[in-house]
Amino acid sequence: MKNPAPARRPRSQAASSLYELLSSMRFAIALLTVLAIASVIGTLLQQNQPFNNYLNQFGPFWFPMFQMLGLYNVYSTGWFLAILAFLLLSTGLCIVRHARPMLHDMRAFRETARETSLRAFHLCAEGRTSLDAETAAARTRAYLAANGFRTRENPRDGDLLLAAKQGSWSRAGYFLAHGAIILICVGGLLDGNLPLKLRMALGNKQVLHGEVSDVSQVPPTSRLGEGNATFRGNVFIPEGKSASVAVLNVDDGMLLQDLPFIVSLDKFHVDFYPTGQPKRFASDVIITDRDSGKSFRHTIEVNKPLTYRGVTLYQASFEDGGSRLRLAVHSLVPGEAQEEGGRHADHGDHASVPESRLVEAVVNEALPLAYDGQQYTAEFTDFRPFNVETVGQQASTATGLARLQQHLGSGAKSRSERTMKNVGPSFTYRLRDASGQAREYINYMVPTEQDGRWYALAGMRESPDQPFRFLRIPTDEAGTVDAWFALRNALLDPKLRAEVARRYARGAQQRESLRPDSAQRLEETAQRTLQLFSEQGFDSLGGFIEKTVPQADRENVASALLKVMEGTTWEAWMLARERAGEKPVEPTAQRIQFVRDSLASVSDSMHYGSPVYLQLVSFEQVQATVLQATRSPGKPLVYLGSLLLVMGVFAMLYVRERRLFVLLKADGRILMALSTNRQGLDAGEQFARHRDALMNHLDATAAQRDEPQ
Amino acid sequence: MEIAQKTLLAKTSRLPAFGPFDVLFALILAAGAAYALHAFGEYMDIYERAILVCTVPAAAAFGWYWKPMRVFLLACAAVALIAVGLYQGQLVRADEVFLLKYFVSSQTAIMWMSATVFLSTAAYWLGMLARSTFFERSGTVLAWIAAGAGFTGMLVRWYESYLIGTDVGHIPVSNLYEVFVLFTVLTTLMYLFYESRYATRRMGAFVMLVISAAVGFLLWYSFSRDAHEIQPLIPALQSYWMKIHVPANFIGYGAFAMSAMVGAAYLLASKGILTSRLPSLQVLDDVMYRAISIGFAFFTIATILGALWAAEAWGTYWQWDPKETWALIVWLNYATWLHMRLTKGLRGAVLAWWALIGLLVTTFAFLGVNMYLSGLHSYGSL
């Protein structure tokens, strides 16, 4: 600065150099770099997950270290906010530091510039005019005005300097852009969770952990009042229910935020495209003002939020809101339940399932079950009325030109065959045993076709990070799973399987006219095989073969045992039919296939890990919407800042400040010089244009024109 | 009086003249928009109608500022209209009508774009290495054809999406495949603009390389993943914001990509490689600065538009989603670049290296985030 303000208080050396540092460019650039690197960390590690996920990921050693560094919510840690604060400070001081010289520069015309300094300009030219001083000055003035220059004149010693300039707004761009950064940061801080953290630190607010069953029981220390100016939380509302609080997730716990109104969900809509992709999520809500009691209806959709009394509600997500499921319980414990008679009828006529085997379940609730002398709890977690799945995708096999040909035409057609299919309703539940161990199950309501055969699909997994493994239960000729359960029972129940083995041996004796002692041996073999099978299915048989049979004979023995198993399974089916009062059937290819599938499935069912199979009989769907409720007072600041930022960036990059000096000497000589704040390639071109035009305008002889290069 | 008149005549303006063709062009644009409003206005919300109306002065101004744009836009519109006429409202005709199947259906047009981008790149390289004006000119012509084919392809694809179903139809900037076509078209046009402004075809070899890389990816993506298939929009994308946020973003990405390639040319030329075949270092430096300026300005706009959209769709204008965060990192990177140049007065190799490395950051923000990081902004996932 040329004229340091005399009134400025004397500052200590240290303070002054600190000021220099904080407002300096290198500090700002260092901050930008640090901010960029810090931001990267937060994108590499998924933020704000439940703490258990991180614990699993990093183990007990690193988990607390990373937690201390705040790596699970980088963007709200103290150190990250400190970087932002420094950026604010740096930008602010930068503005303060540059304000005076820049404002001065914006106003100044520099009409006192000396001839020698003009001659030192990079872009400078000279000419001579025969016009009288008055006319020359008038023409120059007019030219400059017509070309958008503002001019200040300085007559001296018979000469006249016209100092013209344009594009001073370029400097204003600096203030706009840098001021905008401050506005945006301040607005962002208002809307972030810093205010909440401060309140928690000052106002004794405590987060809740675990489930909240009754909102009204939550103590005021965990509630935020209607007056809270800034928050972001979720509102969960099942159809037909209401909510007046939002849940704020804070530090792996939560706080409740009272809303100034009550939101009731009338109906939730999910529409799908034929391809199964979601098309529309919408909540028909009724908003009731808590103060005035007035209410109105509104539909909130994705991209179409509703703002009422300063709170904006967004369609964030949806869940099951407690669908009611009617389930038939099929015991997988041999000898139990299946004894009850009166089974079966037409496909789909579930009314014939005996009442004693039907239970009512509600999604999001738990149901106690007692089986095989053990206590279990089924926690129903989800229900879906339909599932659209890609059941087959055939990639194109064409090559070369034919392949290219396939890629011509409209963008609408698929080059591969993809079949989408709705596989019907499904529900999921966790079955927890008395010791607290749980497995997760997913069951589909209607059978699914695979290779022309029909199966009921029952999926199981031991932990959420595994995919479901499916038990495929073949359905009988009536389309039910009843035959399979009866067959399975006859095959595994100790009393019944003795009978099965006897019948199997008797059948073989008749067909192959065996001697009685051979038949006796066959019965014993069948008995033993069935007993082994009833332990762990084919796994037990395999283990038995490996232990007792030499390598060379294993294949023979295995196929013999398989034959026995298939034969006995058929007999088990017939026995089950007889016990249900049905006639035996003739073996057809289809029925033999059914028996084979059943056998495989019975073996798989040993690993199902549950004493029951729950079959969905009917349902009544209840959906729930998840709305996000926010109040963001910083938004107008951020938006204003954004507007200013865009204006500032364009002003700085595209408005060019130009100063054109024209010195008309008393002797008729003309001196022109141009300066610009962005010495681009076009400055010379620009100067040449002005020079030629103005010289021409002043009827100047092309005397000595310097070509600056 | 006389002085005043002469003064007006003497006014030197950098802006191009506004001629009769400019008027005609503006009128055609206005008529097109008026027809669209009349015929389809009821399907658009107020914002979409506003965007349509604003497109008219914007395109007219751009055509006035850069004259070849007028012919380009009119030609693309005409070819697209021919395609629409040939379709007669039936998608199957794409495989039945010769002109559709081999020229103007969207996929075919995009294939033509891909082919001509490669040819143009080859021509520019031949032109530069052999110092052949003929090949350089061919490069320019092919680049124009590529941009035209790509833009026409996008217009036709837009129409085709509505033939699938009125609820499926949408502007083709909704997934990674579509934005790669957009990237190719915008970057090519931007390059052609600077080519004409600086009256040199010698940067083409470098800039078209990065466009070729994009096209290579596009082809792989289409052939191996069937990515070209038009997909309906998920609810979060059903917004007028998409029409402005995505193109603004890709002006930014395109400009950054171009600055990186010019930066590469600068570095080679400054090391004495190809120096005599490339424009002067001064020109390269200036183009690099111009590209980063325009890229930065549009990237700023795009990020702000994205924030406005996020506020409407996700309930908050900024939540440190990986895509948002990486957009910020890209923005900070080029903001620093501009500070170094404009305030510190830095020039030369350092900035060229920086622009080149900046492309890595930009590419990660554009592609890497979608591939490796999970977040809300996962429409463009591979």
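Taking the conditions (1) free of Cβ contacts under 8 Å to residues at least 12 places away in the same chain; (2) surrounded by 15 or more Cβ atoms within 10 Å (Cβ to Cβ) in turn, A:A246 satisfies each one other than (1). If you go through region A:117-141 and keep only what is surrounded by fewer than 18 Cβ atoms within 10 Å (Cβ to Cβ), under 26 Å from A:E685 (Cβ atoms) and free of Cβ contacts under 8 Å to residues at least 24 places away in the same chain, you end up with A:S117, A:A120. Going residue by residue through region A:622-637, is there one that turns out to be of a type in the set (S, T, Y), part of a strand (DSSP E or B), in contact with a helix residue (DSSP H, G or I) (Cβ under 9 Å, 6 or more places away or on another chain) and more than 30 Å from A:L325 (Cα to Cα)? Yes, the conditions are met somewhere in region A:622-637. May I ask you to list the residues in region B:280-290 that are within 11 Å of chain A (Cβ to nearest Cβ) and either modelled with pLDDT of 95 or more or part of a helix (DSSP H, G or I) (or both)? Matches in region B:280-290: B:Q282, B:V283, B:L284, B:D285, B:D286, B:V287, B:Y289, B:R290.
If you check B:I46, B:I28 for being aliphatic (A, V, I, L, M) and surrounded by fewer than 16 Cβ atoms within 10 Å (Cβ to Cβ), only one passes: B:I46. When B:Y159 is tested against the conditions (1) modelled with pLDDT of 95 or more; (2) over 26 Å from B:I28 (Cβ atoms); (3) over 18 Å from the mean Cα position of the chain (by Cα); (4) surrounded by fewer than 23 Cβ atoms within 10 Å (Cβ to Cβ), the lone failure is (2). Inspect all residues belonging to region B:314-328 and state whether any of them is farther than 29 Å from A:Y639 by Cβ and charged (D, E, K, R). Scanning region B:314-328, I find no residue that is farther than 29 Å from A:Y639 by Cβ and charged (D, E, K, R), so the answer is no. Take A:T307 and decide whether it is within 14 Å of chain B (Cβ to nearest Cβ), surrounded by fewer than 13 Cβ atoms within 10 Å (Cβ to Cβ) and either without any contact (Cβ under 8 Å) to a residue 12 or more places away in the chain or not in a strand (DSSP E or B) (or both). So A:T307 fits the description; yes. Among the residues that make up region B:235-254, is at least one of them touching a strand residue (DSSP E or B) at 6+ places or on another chain (Cβ under 7 Å) and not hydroxyl-bearing (S, T, Y)? Checked region B:235-254: at least one residue is touching a strand residue (DSSP E or B) at 6+ places or on another chain (Cβ under 7 Å) and not hydroxyl-bearing (S, T, Y). State which residue is surrounded by the most Cβ atoms within 10 Å (Cβ to Cβ) when the search covers only region B:250-280 and only residues that are touching a residue at least 60 places away in the same chain (Cβ under 8 Å) and over 27 Å from B:F180 (Cβ atoms). This residue is B:L278. Taking the stated definitions as given, is A:P274 away from chain B (no Cβ under 14 Å), out of contact with any Ser or Thr (no Cβ under 7 Å at 6 or more places or on another chain) and under 30 Å from B:W241 (Cβ atoms)? For A:P274, the condition - away from chain B (no Cβ under 14 Å), out of contact with any Ser or Thr (no Cβ under 7 Å at 6 or more places or on another chain) and under 30 Å from B:W241 (Cβ atoms) - is not met.
Elements of the type helices (runs of 4 or more DSSP H) sitting completely within region B:39-150 and holding at least 2 residues that are aliphatic (A, V, I, L, M): these cover B:46-65, B:68-87, B:106-129. Provide a single number: the residues in region B:291-310 that are within 15 Å of B:L342 (Cα to Cα) and either more than 9 Å from every other protein chain (Cβ to nearest Cβ) or more than 16 Å from the chain's Cα centre (by Cα) (or both). Of the residues in region B:291-310, 2 are within 15 Å of B:L342 (Cα to Cα) and either more than 9 Å from every other protein chain (Cβ to nearest Cβ) or more than 16 Å from the chain's Cα centre (by Cα) (or both).
A:A136 meets the conditions (1) away from chain B (no Cβ under 14 Å); (2) touching a strand residue (DSSP E or B) at 6+ places or on another chain (Cβ under 6 Å) in every case but one. The failed one is (1). Mind checking whether some residue in region B:92-115 is over 14 Å from the mean Cα position of the chain (by Cα) and closer than 26 Å to B:D45 by Cβ? Yes, the conditions are met somewhere in region B:92-115.
Checking region A:254-270 against the condition returns no match, with no residue being free of Cβ contacts under 8 Å to residues at least 24 places away in the same chain, part of a loop (DSSP other than H, G, I, E, B) and not acidic (D, E). For region B:64-76, the count of residues that are more than 18 Å from the chain's Cα centre (by Cα) and surrounded by fewer than 17 Cβ atoms within 10 Å (Cβ to Cβ) is zero. Within region A:599-634, the residues that satisfy the criterion of being within 14 Å of chain B (Cβ to nearest Cβ) and either in contact with a strand residue (DSSP E or B) (Cβ under 8 Å, 6 or more places away or on another chain) or among the basic types (K, R) (or both) are A:T625, A:V626, A:L627, A:Q628, A:A629, A:T630, A:R631, A:S632.
The values are calculated or read from the model by the stated rules, or taken from the named source; none is laboratory data. Note that the structure is predicted; figures quoted are calculated from it, not measured. We place every Cβ from the backbone using ideal geometry, glycine too, and count neighbours over all the protein chains shown.
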